[in-house]
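The values are calculated or read from the model by the stated rules, or taken from the named source; none is laboratory data. Fair warning: this is a prediction, and the values are worked out from it, not measured in the lab. Glycine also receives a Cβ, built like all others from the backbone with ideal geometry; neighbour counts cover every protein chain displayed. Side chains are part of the model used for accessible areas, which takes the heavy atoms of the whole protein and leaves out ligands, DNA and RNA. Shrake-Rupley method; radii C 1.70, N 1.55, O 1.52, S 1.80 Å.
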Amino acid sequence: MQKLQARNIPDDLYDRVAAAAARNERSLEGELRHTLAAAYPPAGSEVLSLRQQWQQDTARRLRQLTAQLQADDFWQFRGPGTVVQLARHVGESSPARILDWLDGLEPLSFDAAARIADFTGCSRDWLMEGRPDPFPAADIGNPADYEHFFCPEERGDWRFYLIRFADGQLFSIRHDRSSGAWRAGYMGGRFCLQDGMGSGGTGNLKRFLQFLKARRIHLRADSFDRAENSDDTGLHHPCYYARNSALAQTDWLPELLQGNLPERWASDASELTYMLSEVRDAPDGTAA
């Protein structure tokens with residue numbers, strides 16, 4: 001054990017330590033040891049308040065968001081994606097506040113989280129409390145929901161991406177090229193692009209394809225296959241799936257609308273063949 005000696009202790013400081021030792025029923029040396037241990041805890045043993053813990057967790061999620069946006073190529077055509085740029089886009093007068101949020105030095109307000117979410121497309125709830133995913137997709141499996149997704153009332157230069165994952169799940173992305181806004185949707189288990197759906201799922205898929213065909217003149221859609229399953233869709237920005245080089249454009253949607261099953265789907269989606277004739281015979285949309 002080491003010894004620690006201190007000289008020239010002011011009388012009033014000595015009196016306060018002695019009074020604290022008496023109050024806590026400790027010796028003078030015991031009081032000093034206790035006080036020093038509290039003032040200098042071992043690294044990593046600091047106990048944070050609930051506010052401090054939330055603030056640090058929010059800072060960690062914000063750092064995760066900025067790194068994911070870079071990795072997913074969100075800033076393509078926008079610049080290098082610096083904190084200065086982010087501050088400008090979300091309406092901050094200076095990047096200093098964003099730096100403080102990133103360092104956990106200042107609490108992130110609901111208003112600031114909403115502005116960041118509106119610009120980046122991430123979830124405000126995830127930023128503030130860590131759930132659900134950074135980039136959750138909307139459930140658009142009901143006809144009214146996918147009609148609103150693919151035929152939005154607001155004006156825009158829309159581009160659509162329909163992605164079939166290896167597990168047969170359909171993932172849809174909507175991009176307004178005029179505003180840069182992105183949105184993603186999934187079918188909520190109502191149908192997929194794979195065998196084993198049963199008559200209900202097959203009927204839902206048929207109605208969806210007939211809907212797309214009826215409005216195909218108004219849609220600008222590309223269709224793709226991806227080799228992995230759909231488990232991690234909420235962890236990436238939608239632009240990752242639309243722009244990632246691993247994405248191979250295969251244009252399976254025109255084949256389905258013409259009543260043909262893509263040959264590469266024969267091993268796991270052959271049951272779809274039986275309803276594709278009805279899709280083929282459904283009326284086409286007419287030019288606006």
Amide hydrogen neighbours beyond the local backbone of Arg215, cut-off 5 Å, H modeled: Gly285
Show me, bin by bin at 10 Å from 0, the whole-percent P(r) of the stretch 70-160 based on Cα pairs. 14, 37, 34, 14, 2
The simple spin-label model distance between Val47 and Glu154, using points 7 Å out along Cα→Cβ, in nm, is 4.8
Rounded to the nearest 10 Å², what accessible area does Glu129 have for a 1.4 Å probe in the complete protein model? 100
Using the Cα atoms of the stretch 143-288, I'd like the radius of gyration and the largest Cα-Cα distance, Dmax, both in angstrom. 14.7, 41
For the stretch 169-242, count all C-alpha to C-alpha pairs, find those more than 14 Å apart, and express that count as a whole percent of the total. 68
Pick from Trp158, Trp265, Trp101 the residue whose mean-square fluctuation is largest in a GNM of the chain, springs joining Cα atoms under 10 Å. Trp265
Most mobile of Val47, Val17, Val84 per a Gaussian network model of the chain (Cα springs, under 10 Å)? Val17
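Share of antiparallel DSSP beta bridges in the chain, in percent to the nearest 5?
Percentage antiparallel, nearest 5: 70.
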Highest-first arrangement of 27-36, 7-16, where packing means the average Cβ count within 10 Å: 27-36, 7-16
Note to self, the chain gives a 222 nm [θ] from helices alone (DSSP H runs n ≥ 4, -39500 (n - 2.57) apiece, / all residues, nearest 500) of -13000 deg cm²/dmol
0 to 90° range, to nearest 10: angle between helix 110-120 axis and the chain longest Cα axis: 40
Among 206-212, 270-276, the order from most to least packed when residues are scored by Cβ within 10 Å on average: 206-212, 270-276
Which entry in (1) 28.9, 98; (2) 17.8, 55; (3) 20.2, 65 is this structure's computed Rg and Dmax of the Cα atoms in Å? (1)
Just to check I understand the Karplus step: with θ = phi - 60° and J = 6.51 cos²θ - 1.76 cosθ + 1.60, what whole-Hz values come out for the stretch 55-66, glycine and proline as x? 5, 5, 5, 5, 4, 4, 5, 5, 5, 4, 4, 5
Among Ser123, Ser199, Ser223: highest mean-square fluctuation, GNM of the chain, C-alpha pairs under 10 Å: Ser199
Scattering curve values for the stretch 1-48, log₁₀ I(q)/I(0), Debye with Cα scatterers, q = 0.16, 0.19, 0.23 Å⁻¹: -0.55, -0.73, -0.94
In sequence order, calculated HN-Hα J values of the stretch 27-39 (Karplus, 6.51, -1.76, 1.60; Hz; x Gly/Pro): 6, 4, 5, x, 5, 5, 4, 4, 5, 5, 5, 5, 6
